[in-house]
Amino acid sequence: MTTYAKKTCWLIGAIFFFILGVIGIILPVIPQIPFLIIAFFCLSKGAPKVHHWIRTRNFYRKYVLKFERKCTQVAVQHPFLQRIARHFHH
């Protein structure tokens, strides 16, 4: 699969999950936060410039980076989590 095709698939996934997140905001039965998190993850994989922009925001550095470091420390201790972390971490 070419790089362009991979980016396109990630962007389509981002749009799909974003739409599900918006539907979750409108309909309280559907959870919105997990879908929006997945949408931003897909967007960061499909658009490196957006990924860089997100990582340079103060909110990301203040809250998400601390959580990411803790998750990485836990992942180092478990072989299965190590494989997952290598797959998803840039």
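The condition of being modelled with pLDDT of 85 or more and open to solvent by less than 100 Å² (accessible area, probe 1.4 Å) holds for residue 11.
The helices (runs of 4 or more DSSP H) found entirely in segment 27-90 that carry 2 or more residues being modelled with pLDDT of 80 or more are 33-46, 48-55. Among the residues of segment 36-52, just one is without any contact (Cβ under 8 Å) to a residue 24 or more places away in the chain, under 15 Å from residue 11 (Cβ atoms) and open to solvent by 100 Å² or more (accessible area, probe 1.4 Å), namely 49.
The values are calculated or read from the model by the stated rules, or taken from the named source; none is laboratory data. For clarity, every value in this text was computed on a predicted model and none was experimentally measured. Here the Cβ is made from the backbone with ideal geometry for all residues, glycine too, and neighbour counts use every protein chain on show. Note: accessible area is taken over every heavy atom of the protein model, side chains too, but ligands, DNA and RNA are not part of it. Shrake-Rupley method; radii C 1.70, N 1.55, O 1.52, S 1.80 Å.
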